[in-house]
Amino acid sequence: MVKAIVGANWGDEGKGKITDMLSKEADIIIRFQGGSNAGHTIINDYGKFALHLLPSGVFYGHTTSIIGNGVALNIPYLFNEIKSIMDRGVPAPKIMVSDRAQILMPYHILFDQYEEERLGGKSFGSTKSGIAPFYSDKYAKIGFQVSELFDDELLKEKISRVCQQKNVILKYLYKKPELDENELYETLVEYRKMVEPYVADVAAFLHQAIKDGKNILLEGQLGALKDPDFGIYPMVTSSSTLAAYGAIGAGIPPYEIKEVVTVVKAYSSAVGAGEFVSEIFGEEADELRRRGGDGGEYGATTGRPRRMGWFDAVATRYGCRMQGATTVALTVLDVLGYLDEIPVCVGYELNGEVIKDFPVTAKLAKCKPVYTVLKGWKTDIRGIKDYDQLPKECRDYIEFIEKEIGVKIGMVSNGPGRNDIILR
Ligand code: GDP
């Protein structure tokens, strides 16, 4: 059985926590898109971890963790991440890297930095992890597949061809030092050594695993609103964040994804630039940011303060629809316990009309939030295990959201820990 765990919002919904929790019953956990540009924070018996590339199931001895072909694979980063968790007492995880994954090259990171520099105030707010240049090269067919590391002749020829093209841009557009072919070759030989123990034909492995009835999780990065097709283009990420892409980024048939656990945050947060209708500012935002997540809403990769906002039912309903949500996990609900009243964005005002459907980016920029204000519950709900034990105002908030998004909320997360969960 294959289950996808994906985000309905702008990312940072708490997918890592939900994946870690569901991994208890899983055999295989797969990252299918994105790279080390976003982080998952996980708190378990070994401590608190910020993972960027490894799937959130690596903490269990019984799971196999897979980097699928859809991922932007930063090899030294992966290598160091494995080492860093083992240094903290986590048993050596079983890891597989798809032979069809492509390699995030050192120059992708440089190009990301140079381009943000060049754009200045008009930049995308990239994490400068090289993700956009990586995916551009992949689809321009000048990327390097892991399998190509093992063919020396092909590798040298390709390095030379790619350097020629990159160096023109480095010299004339960015006015930066050019790439050295030999140095790049040496780097890739190092990468080959690092990755070799993990390389496998992942699609074939998963084909058999599905036949054998294994429990498989697909772990998404970021959320529906950062999808390059259906998100707030161009302020999006460069690989699809949708569950449907899980089939491609892992190498399995689409009809095998039976469940789409869509993670929804009880309020809104976003990193980087882009339209954000229910955004709040000033002291109101600072307080939510300080109290949010686990120890404040600051980016797991960059440490940047996240932009904050009230729950956006228009965006989340759309996010759930594009994910194909079969069930929703509502997270960080405990954070809202300090509020007397909680606004929920239930519509957008656009040119004097109220709309309920999430529009294209150009229209989104003109939208103003329409709020319904719900009563707060003014207590700490951490530690509660039964839905019925939640204060009435809190259940009202959950049920209001459920009605707005039109998908059953099957799980409510009321704390960052593995066991802070209420199943309905
Ligand atoms: P991801 O990228 O979707 O995995 O999300 P992040 O890990 O970036 O952000 C979620 C943050 O919220 C992390 O710091 C989690 O530890 C924390 N978190 C997850 N669920 C809950 C919850 O129910 N309550 C609280 N207070 N924090 C949570």
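Only the coordinates and a few stated rules stand behind these numbers; no lab work does. Predicted model, so just to flag it, every value in this text is computed and none were measured. Using ideal geometry, Cβ is built from the backbone for each residue, glycine included, and neighbour counts are taken over all protein chains shown.
Once segment 10-37 is narrowed to residues that are assigned to a helix (DSSP H, G or I) and of a type in the set (Gly, Ala, Ser), the residue that is farthest from the ligand (Cβ to nearest atom) is Ser23. Every test in (1) of a type outside the set (D, E, K, R); (2) farther than 26 Å from Ala244 by Cβ; (3) not in a helix (DSSP H, G or I) is passed by Leu336 save one, and that test is (3).
Here Arg289 clears all of (1) without any contact (Cβ under 8 Å) to a residue 24 or more places away in the chain; (2) more than 14 Å from the ligand (Cβ to nearest atom) except the condition numbered (2).
Summed over segment 116-132, residues that are crowded, with 18+ Cβ neighbours inside 10 Å, farther than 16 Å from Gln33 by Cβ and touching a Ser or Thr at 6+ places or on another chain (Cβ under 9 Å) total 1. Considering (1) more than 22 Å from Ile248 (Cα to Cα); (2) surrounded by fewer than 15 Cβ atoms within 10 Å (Cβ to Cβ), the lone condition that Lys141 does not fulfil carries the number (1). Restricting attention to segment 258-282, the residues being in a strand (DSSP E or B) and out of contact with any strand residue (DSSP E or B) (no Cβ under 8 Å at 6 or more places or on another chain) number 0.
Inspect segment 386-397 for any residue being assigned to a strand (DSSP E or B) and crowded, with 21+ Cβ neighbours inside 10 Å and give the result as yes or no. Checking segment 386-397: not a single residue is assigned to a strand (DSSP E or B) and crowded, with 21+ Cβ neighbours inside 10 Å.
Scanning segment 147-177 for residues that are surrounded by 13 or more Cβ atoms within 10 Å (Cβ to Cβ), of a type in the set (D, E, K, R) and either in contact (Cβ under 8 Å) with a residue 40 or more places away in the chain or within 21 Å of Glu115 (Cβ to Cβ) (or both) returns Lys166, Lys176.
Could you list, in sequence order, the residues of segment 184-230 that are in a strand (DSSP E or B) and charged (D, E, K, R)? Result: Glu219, single match. Of everything in segment 96-119 that's part of a strand (DSSP E or B) and of a type in the set (A, V, I, L, M, F, W, C), which residue is farthest from Ile67 (Cα to Cα)? Once the filter is applied, the top-ranked residue is Ile103. The lone criterion from (1) within 20 Å of Glu13 (Cα to Cα); (2) of a type in the set (D, E, K, R); (3) out of contact with any strand residue (DSSP E or B) (no Cβ under 6 Å at 6 or more places or on another chain) left unmet by Glu402 is number (3).
Only one entry of Ile85, Ile43 meets the criterion of being within 13 Å of the ligand (Cβ to nearest atom), over 29 Å from Asp137 (Cβ atoms) and surrounded by fewer than 23 Cβ atoms within 10 Å (Cβ to Cβ), and that entry is Ile43. Is segment 404-420 home to any residue that is part of a helix (DSSP H, G or I) and under 28 Å from the mean Cα position of the chain (by Cα)? Yes, segment 404-420 contains at least one residue that is part of a helix (DSSP H, G or I) and under 28 Å from the mean Cα position of the chain (by Cα). If the condition is being touching a residue at least 60 places away in the same chain (Cβ under 8 Å), among the aliphatic types (A, V, I, L, M) and assigned to a helix (DSSP H, G or I), then segment 72-95 contributes Ile75, Leu78. Set side by side, the residues Thr361, Thr379, Thr331 differ, and just one is touching a residue at least 60 places away in the same chain (Cβ under 8 Å) and surrounded by fewer than 19 Cβ atoms within 10 Å (Cβ to Cβ), which is Thr361.
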